[in-house]
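Notes to accompany the following structure.
Values in this text are rule-based calculations from the coordinates and carry no lab data. For clarity, every value in this text was computed on a predicted model and none was experimentally measured. Ideal geometry is used to build each Cβ from the backbone, glycine not excepted, and the neighbour counts take in all protein chains shown.
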Amino acid sequence: MSWQTYVDSNLLGTGKVAKAAIIGLAGGVWASSPGFTISPEEQKAIIAGFGTPDAIQASGVRLAGQKFFTLSVVDRTIQAKKGADGAVIVKTKQAVLIAEYTGPIQAPEVTPTVEGLADYLISVGY
């Protein structure tokens, strides 16, 4: 399966995720939904945020130029919010899954989907 298929089917296809991307821990966008462009600076900040949760909680996270306030950083998952919308960001061995949702959908509806895909990717070495 291609990386784009994971974005299209496993994330966007749920109807709960509005925009999504998969970025590599070594850098680069592996796949993304149309118009959802995570800049190299945003990618670096997200990846660094897993190692310095206090810093990303203080500064928030930027996705495609939009600033989100970091609600929590727990192990491999970052949850962020911007008004009624939010994002769930989950790290695997080699990648980071980014899923943005729009209200009235909430994080508890999206998090299991993103973490489930992350679990699968980890199980196959990613």
State whether the stretch 3-126 is rounded, prolate or oblate according to the following rule on the C-alpha gyration tensor (a ≥ b ≥ c being the square roots of its eigenvalues): a/c under 1.5 gives rounded; otherwise a/b larger than b/c gives prolate, and the remaining case gives oblate.
rounded
If Lys and Arg each add +1 and Asp and Glu each add -1, what is the summed charge of the other residues whose beta carbon sits under 11 Å from the beta carbon of Ala18?
0
Below 8 Å, C-alpha to C-alpha, sequence gap of six or more: please give me the relative contact order for the stretch 3-124 in percent.
23
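By the scheme Lys and Arg +1, Asp and Glu -1, what is the net charge of all other residues having a beta-carbon under 10 Å from that of Phe69? Mind dumping the intermediate values first?
Numbers: positive: Lys67, Lys81, Lys82; negative: none.
Here the charged neighbours net out to +3.
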Name the residue from Tyr6, Val29, Leu97 whose Cα lies farthest towards the positive end of the charge dipole of the stretch 3-124, charges +1 on Cβ of Lys and Arg and -1 on Cβ of Asp and Glu.
Val29
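Note down the net charge around Pro108, summing +1 for each Lys or Arg and -1 for each Asp or Glu among other residues with Cβ under 12 Å from its Cβ.
On the way: positive: Lys16; negative: Glu109, Glu115.
Taking every Cβ under 12 Å from that of Pro108, the sum is -1.
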Quote the charge dipole size of the stretch 3-124 about the Cα centre in Debye, to the nearest 20; the model charges only the Cβ of Lys and Arg (+1) and of Asp and Glu (-1).
160
³J(HN,Hα) across the stretch 38-43 via Karplus (A = 6.51, B = -1.76, C = 1.60, θ = phi - 60°), whole Hz, x for Gly/Pro?
8, 5, x, 5, 5, 4
Explain nothing, just compute: Karplus ³J(HN,Hα) = 6.51 cos²θ - 1.76 cosθ + 1.60, θ = phi - 60°, for every residue of the stretch 111-122 in order, whole Hz, x for Gly and Pro.
3, x, 5, 5, 5, x, 5, 4, 4, 4, 4, 4
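Is it possible to state the helix-based mean residue ellipticity at 222 nm for the chain, with each DSSP H run of 4+ residues giving -39500 (n - 2.57), the sum divided by total residues, to the nearest 500 deg cm²/dmol? What is it? Before the final figure, lay out each step's value.
On the way: 3 runs with 36 residues, N = 126.
Rounded to the nearest 500, it is -9000 deg cm²/dmol.
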